[in-house]
Each structure stands twice: as C-alpha cells, then as structure tokens.
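Every number in this text was worked out from the coordinates using simple rules, so none of it is lab data. Values in this document were obtained by computation on a predicted structure and should not be read as measured data. Glycine also receives a Cβ, built like all others from the backbone with ideal geometry; neighbour counts cover every protein chain displayed.
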Amino acid sequence: MDHKAKTTNIRPKTVTDNRAYLDKFSAFLGHDDARRVTKDDVRRWRDSLMETGLSPKTISDRYLSAVRAVLTHGVKEFDLPFNAASGIVDNRALPAPIRSKGYSETEAIAILKATFGGSQKALSAPHKRALFWVPWILAYTGLRVSEVAQLQGKRLIEAGGTPYLLITPEDGSTKSGKAWAVGIHQHLVELGLLGMLRDAGPGPVFYEPYPKVTDLSSLKGKHRALDAGMRVAAWVKGLGLEAPLGRPNHAWRHLFTTRSRSSGMDKEARDFMLGSGPIDAREGYGDWPPSVLDAEINRLPRFAVEDPGKRPYRLVGGDDG
C-alpha cells in the first residue's frame, strides 16, 4: 500500500481508508503477507463481513476493493503471481428502495429553516458558520460535503462581474482529483454568502486553519474539514429527520440532481458543477464561462424559506468572521 501511494495518483483519503480495510483483512488472516493470501482467504473474509450486516455495496466497493487494488499493484509492480481477490464480490441483491435517495422538498425546507436557529452546543466560530452555511450551499450546488467543508475564502472568485466558487483538491481533496468552478445561486447571494466568505478571509471558512506551510492535499490522517461535515450531519439528525439512506449530507446531492432535471438545467453544466467527469470526449471540449454556470445554476427554483435576518454564527456586536 505504501508503494502504491507513492507511485500512483491516489487520493490521501483513499490511502487512509484502504489502509483501514487492509488492517482488518490482516487481522482476520493473522498475517500481512500478500504472497500467502489465497482465494479461499478472501472468500472467507467476505462471508464473515456479510454476517456483520454490512451492505453488499459496502463490502464489494470498499472492503474487497481495497484488497483487490493492493494485490493488483503487487501483480503489476512486484512478483506476486496472481490477484487472489479477483472476481470475489458480494453478489447479494440490494434491498428495494423504500423512498427517494434525496430529501423531499418539505424535508429540505425544514432543514434550511432550522439553520436560522443554529445549535445550543458550544461550538467554534467555524463550526457555527458550518451549521448555517453548509446545508444551504449543499442545497444549491449538490457538492459533496467534504468539498464544501474544506472551502477557503479565497475560492470566491469573480470574472467579468460574475462570482463563482472554485472547488480544488489543493484545499484537501476532490473525488476526481481535479478542480472546477460552480455557479452561485442568487438566493445564496441574498442570504449573504459573498460577504461571509470575504469576511472570513482567504483561509478555511468552516474549520480552524492549519499552519501556513501545511500542504492540505497530502495530509496524513483526517482533514479537519471532515469534522465540520460530521457536525452538520449530527445536527441534522438532531432535528429528528430520517435522512435518506442514513446520509444526511449526501441526500442534498440527490435532491439537487432531481431539481436540476425538473428545472431544465443543462446536463453537461450540471455534471461539470457536480465535479463529474465527461461521459465521452465530446463533452470534454471547451471551457465553462462563469456567466454560463451562473445562468444554469439560477434555473433552480428558490426554496420557499423566509429569511428572518438572524445569523446564529454572528457574535453579539459583530460578525465572528
């Protein structure tokens, strides 16, 4: 795993996650020698994981995928004769969905209204900002929560009078390892997003900053932004709402996609702003001017939430930044 991390373009978070899965596999086997791993070992581990109640997708796409990836690297780069994990997956049928993957409009509005109340817990200034702004940004961008929680003030950029957000792996990580621009919905502008980002300064908005010399794209261990995302998820659960698939932050991504279809948003523009790669080479041509992204993001209808003017992340006598 160490050699794969050094010689391939693998995200630091993926390295951390895969190491955890590999440690569990080694504990199951009682050793960490890849040359001694057999298909029967992998199959027995899969069967034991199935007994724990983990979903087929989790077992196949996380646990088994981690073992398969490192053994594939061993076959390619070293003298490992074969990949013992090849072809072994959890083929159980997924349970039939009982509801939408995303929030309903009613649930979304309830969460967004609740942001004006903040939390009664003693939180840091960045985490107070996160409880208010992260749900709103997720609602109008569909971004992954990690991409929002790692946002820095300097990523608010203006081109030709049009503001936009730059999502970049330099702030932590992105699933694709690439950077892209996202349009800003007018409702976010009216709520004060631009002013908040400017007041927060050039550094991180939703977590306490690291020392200036820190390379955020190659952190060892958990990025502080993940704590902000987990704070938001816990806060949503505290509202008493049952999050779709148990993922309170990711449910916004599904709702955003649904609303983008209903509002006639250009699919290529939507996929670009979601950080999804082009389906074919044709979609990869050209650039996306901020003015185009702005027009497309503002096709989304506004959430029917009245602004009471209260911002729970502000301290008495001023904004905490």
Per residue Cα convex hull volume in Å³ - calculated over the chain:
172
How much mean residue ellipticity at 222 nm does the chain get from its helices, if each DSSP H run of length 4 or more adds -39500 (n - 2.57) and you divide by all residues, to the nearest 500 deg cm²/dmol?
-12500 deg cm²/dmol
Using the 10 angstrom Cβ neighbour count as an exposure proxy, how do L151, L80 rank, fewest first?
L80, L151
Fewest to most Cβ atoms within 10 Å: K212, K154 sort as K212, K154
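Sorted from fewest to most neighbouring beta carbons within 10 Å, what does the list E158, E268 look like?
Values: E158 10, E268 17.
Going from least to most buried by this count: E158, E268.
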Go through 131-140, 181-190 and give me the packing order, highest mean Cβ count within 10 Å leading.
131-140, 181-190
